[in-house]
Structure formats: structure tokens, C-alpha cells
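Step one of this worksheet: look at the structure below.
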2 protein chains.
Amino acid sequence: MSRVTSLTAVPSAADIQAAAERIAPYVSRTPVLKAPRFNHLANGDFYLKCEHLQMTGAFKARGAMNTVLVHKEEALENGVLTHSSGNHGAALSWAAAQIGAKAYVVMPSNAPKAKIASVEYYGGIVTFCEPTLEARETTAEQVRKNTGALLIHPYDNYNIIAGQATATYELLQEHPDLDQIFVPVGGGGLLAGAALANSYFGKAKVIGCEPTIANDAFKSFTSGTWTPAKSTDTIADGLKTSLGHKNFPIIQEHVDRITLLSEDEIQEGWHTCLETIKQFIEPSAGTGIAAAMREETPGKTGIILCGGNMDVRGFTLR
Amino acid sequence: MSRVTSLTAVPSAADIQAAAERIAPYVSRTPVLKAPRFNHLANGDFYLKCEHLQMTGAFKARGAMNTVLVHKEEALENGVLTHSSGNHGAALSWAAAQIGAKAYVVMPSNAPKAKIASVEYYGGIVTFCEPTLEARETTAEQVRKNTGALLIHPYDNYNIIAGQATATYELLQEHPDLDQIFVPVGGGGLLAGAALANSYFGKAKVIGCEPTIANDAFKSFTSGTWTPAKSTDTIADGLKTSLGHKNFPIIQEHVDRITLLSEDEIQEGWHTCLETIKQFIEPSAGTGIAAAMREETPGKTGIILCGGNMDVRGFTLR
């Protein structure tokens, strides 16, 4: 294989295929499940891509692994760095560990214990900071100066987008004739990747699924102007972030529409997944289920179950 | 195929293979999952047989389908009948519907709505009665007299046992070299089937997993005398029943031991499954996970995730 170079433009079909080949020895080829009772309930023919069964419990392992491998020499020399405390922090820690590199993760001091434990489980080196975005950025910059580590953005990065695209690429390898694909959207790494993969390898309408109370992607998409997210407390906590600047134009060009889900719909989607599909997903993944339940779904429909990481200790059996 | 006859003795290897062939057009060949994070946590090499992904959400579909097919003519003429309000009621309703037969299910008037809805979803005809065992048996007898329907016991029946055995038969087809298999035990249909299948097709130690506060199988097994269950409110609600009389001698002969799980351990097993395996199981299935976490597991270990049916509406996301 020729020397790998970091992507500086929208990933091509070949870039996505190269990413898939690059990460294949490390990530899981996640199963595509069918669930007869959900098909009946939601009146369609559904193919569920199980990224909650991906390494680290979310699709994020794909983009992180791809980006770490693209920057392998730098990663091995000085490590990689993020101030994302969600699934990306765990995924980057895991990806770095796969090649024996260090990962530095800046987390707010009030981060949930489960998230801290997860990052540490995968070998990430945690630096705590005050719980403000400013403190996170300042602390990350300090860690970068001290270590020389490479900052890897969780979604606003073409290598990340190419990595996330491999989930939909795999789904379309198995089911090239999907008519629509429902994909949750937060920062837009997964959605931009899905839309690109479908533009090269599929014929589906790609539908972004976003909480109504975190509707920045919807606003950006319908207005044509990038619009940042306002602070919100949606139960789909993975979808609070604003669209990335690299992600937005890809989504604008290749996504059919963004559909909005109320908090009640997301809750219902999550419950329905547990009841009829028996897969344990995080609330963000409930948006795709909820959208598929509400919308018309002629022919064959893909749904990306984006992740399964959430605190379950509050759910008691008595 | 020669005319099918109802089993009147402990199923042979050929009986289990015949059951597997008979039910194959109807049931799911459930996947066997691996979960790296659970392997790490529980320090072993685990193979998870996903019966919560079986038709009707539990292994019960296997035994019910086998028994309905064995009694196909009678079932088509007068229907089948049960007063089990749990997974067997739904499974029998589903199995009868597969061949166009009627299923009558006697349920206590205070049964959870989710269970009633499930039986009705699969086409069962529900008759309500007072919430006592006596009323259930009396009402079932009335329905039987009125309809001529065939009463099918949920576990104390060789055709049921042969059907349930197919889950472990499939697991052993894929992994004949398992060293131990953890199997939840309530009435003993699944455990007797697993132990028989392993005696013919495997070399594993088969370990029954039972709640400490519903330890009738443990008592029967260790004393050698059939001991009925006392009333108990274990969170593993599928495991409250006493061992069947046909099941007990099979378990006595072919099971290595019965291990007991505290309520806290079962809760921890259930949480751990959600966290590290991302499969949505019912509490009963948590016993197998909990046992695998506590016990020594050299070599390769199978765990039967017996079902995934429980009321999830109390789990809210905020």
C-alpha cells in the first residue's frame, strides 16, 4: 500500500473503500439484524445496522481508528488528544491503544463516572478541567503543548467522515437496494458518511434524524446557512452538538431531508427497540427507530443503530 | 417423513435432530454473539446463544412449535390450550398461528397488560380467571371441555423438552468444543434440553443457574428428591416454577451442578449484559451472565440468553 495521506477534501468512493480496508483488522463487521415484530409494528421491511455492537459500543470506533491509522507515525510519537467526553473519547482511546499509541482525553470534572471509567478502561489518559467549553479548550491546548499530541476532532474531519462512512458502506454491500436509510445526526460525522457512501454505492434516500429541541442541523439544512446549536437538554444526549463545517456541505448535497423527533417520540422509539428488537441502544439511536415508525417506508429501509452507551444503573428490577 | 408420534420417553439424539428439522421452517436460527468487553470483564471466552432474538422473544417458541407440529392434526381440529401466562402462552399462540390452529390461553385477571397484549398480538384467545392457581386450572379445564383443545404443559412434556434442546444443539453444532454451558432453570425445559443435547453432541459441563430465593431445583438436585418451589418474589420472574417431573431425572443425570444466584447478583448480571453485551435480556437471563461472572470458566463457555420479554415502560430516560 502506498503511503497514506490525510484527506483534505470530501472523501471519494476510493477513500471510503480504503478506510474500510484500513480499519477492517481492528473494528467489528457489525451484524445487520431483522426483527419481524418491529417490521409488523412499523409496517415496513427494516435492516438494522448494529453499531451499538461495534468496538467501544458506538460507530465512533470506525472514524477514530481510521484517523489514528492515517496519522500513525505522529500518533506513535506524541499520542492523540481530544476534549470530547462522549463516545469519541472512548473510541479514540481504544483506537490509539490498538497501535500502542497514547490517547489524552480532557474531561470536565463533573463528567458521569461511567464515561470516565469507559475512557480509562480503553487506556485513555484523563485530564480533568472545569465544566465549561472554554476550560476544555484551554486545557486541551495545554496538554497539546506539553505532549505534542495530535488533536483529533470528533466529527469535523474528513478522515473521521470517511471512517464513519464505512458503516453505511457495509450495510449497502449487503443490501445495495435499500430505498431509504435513517441516520441520527449530531455533529454530522455519521450522517455525512452515510450520505456519501450512499451516493457512491446505493440508491436510497438518506434521512437525518434529529431531536426537535436540538434542531440545528434541520435549521442549517433548510435555510442553507450553517446555524449553531443552542444549549438543550434532549434525552438524545449524543445529538446535542452543532453540525461540523466540513460535514454541513456534504449533508446539504447528499441528504434527502432532516426529520425532527419530539422527546416523547425518541423515548417511544427507545422503548420500542427494547421491546421488539431486543437490542440495547442509547437514546440517540432511538431517533432512527422513532422516525421509521412515523414515516412512510416503502420497499426496504435501513436504520443505523448508532450506539449503545448509557448509564443503566438507574434501571432497577424491583 | 414417516408419521410423527408424540414422545413418551426421554428424547434421543435422533428425536432432538428430528425436532430441529421439524421446527426449522418456523423458528429463527438465533445468532451466537461474542462480546470482547464482557470476555475481559468476566475473564473468559464466552459464546452467547441469543434466544431473546428467537420468535416471540424467548426459547419457548422452539418447544411450542415442536409440540404443535407433533400434534398437528389435533391442533388443527380443536386448537391448543395453556394456562401459562408467561412466555409459553405467547409462544404457544404464535406456534398455533403458524399452522392456522387456534390457541386458548387462560390468564389471571391481574396479569400485566404487556403479557396480555403479547398473547393477543400472536393470535391467542384469552380467557380471564381469578388470580389463583386453582382458578387457572379449573378455568382451563372448562375451556378444554368446551373446545376439545389439547392442553400443552409449558415444560413437563417430552416434546417440549426436545424442542428446547434444539437451542443447545445449534450452539454445539457451531461450537462442539464448549467446556461449560450456563443455563437458567425454572421448570427445567430449557435445562433438561440443554443437558440432553450436550450429552449427545457435546462434552461441556452443563450448569443450571437458579435464584437463591427460588432454589427448588438446587434442593431437588442435591437431595435427590423432587422438592416443590415455595412462593417467592425473585426478580427473575421466569424462574419461579417448580421443576417438572419429567425434567428432574434428566437434569439429575446429565447436569453437572446447579449454582445459586442472589438477587443482587442477578441484578448485576442484567446490568452487565446491557453495559457490555448491549443485548436486551429479561432478568431470568441475567442468572447465566451472573454465574459466568462469578465462576471459574476455563476454555470456552456457552451462555444461553433465554429471553428478552419484560415490561420496559418503567425505564424512563429522564
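Points to keep in mind about this one:
- B:A24 satisfies every condition listed in (1) at pLDDT 95 or above; (2) small (G, A, S); (3) under 30 Å from A:G308 (Cα atoms) except (3).
- Within the range B:94-116, the only residue that satisfies the criterion of being among the hydrophobic types (A, V, I, L, M, F, W, C), at pLDDT below 95 and assigned to a strand (DSSP E or B) is B:M107.
- Hits in the range B:76-110 (condition: in contact (Cβ under 8 Å) with a residue 40 or more places away in the chain and of a type in the set (F, W, Y)): B:Y104
- Matching residues, the range B:76-102, being under 12 Å from the mean Cα position of the chain (by Cα) and open to solvent by 10 Å² or more (accessible area, probe 1.4 Å): B:G86, B:N87
- B:D233 being in a loop (DSSP other than H, G, I, E, B), within 14 Å of chain A (Cβ to nearest Cβ) and among the acidic types (D, E): yes
- Any hit, the range B:241-249, residues being open to solvent by less than 60 Å² (accessible area, probe 1.4 Å), touching a helix residue (DSSP H, G or I) at 6+ places or on another chain (Cβ under 6 Å), closer than 27 Å to B:K34 by Cβ and not in a helix (DSSP H, G or I): no
- Filter result for the condition that a residue is in a helix (DSSP H, G or I), in the same structural domain as B:V27 (by TED's automatic domain parsing) and open to solvent by 10 Å² or more (accessible area, probe 1.4 Å), over B:Q164, B:Q173, B:Q142: B:Q173
- Hey, B:S220 over 28 Å from B:T297 (Cβ atoms), open to solvent by less than 60 Å² (accessible area, probe 1.4 Å) and in the same structural domain as B:I289 (by TED's automatic domain parsing) or not: no
- Counting only residues that are in contact with a helix residue (DSSP H, G or I) (Cβ under 8 Å, 6 or more places away or on another chain) and without any contact (Cβ under 8 Å) to a residue 12 or more places away in the chain, the range B:19-52 holds 1 of them.
- Which listed residue is at pLDDT below 95 and in the same structural domain as B:L41 (by TED's automatic domain parsing), from B:G238, B:G269: B:G238
- Summed over the range A:25-65, the residues that are within 12 Å of another protein chain (Cβ to nearest Cβ), aliphatic (A, V, I, L, M) and assigned to a helix (DSSP H, G or I) give a count of 4.
- Looking only at residues in the range A:260-309 that are more than 9 Å from every other protein chain (Cβ to nearest Cβ) and assigned to a loop (DSSP other than H, G, I, E, B), the one that is most open to solvent (accessible area, probe 1.4 Å) is A:E296.
The values are calculated or read from the model by the stated rules, or taken from the named source; none is laboratory data. Since this is a predicted model, take the numbers as computed values, not measurements. No Cβ is skipped: glycine too gets one built from the backbone with ideal geometry, and neighbour counts run over all protein chains shown. The accessibility values were calculated without ligands, DNA or RNA, using every heavy atom of the protein model including side chains. Shrake-Rupley method; radii C 1.70, N 1.55, O 1.52, S 1.80 Å.
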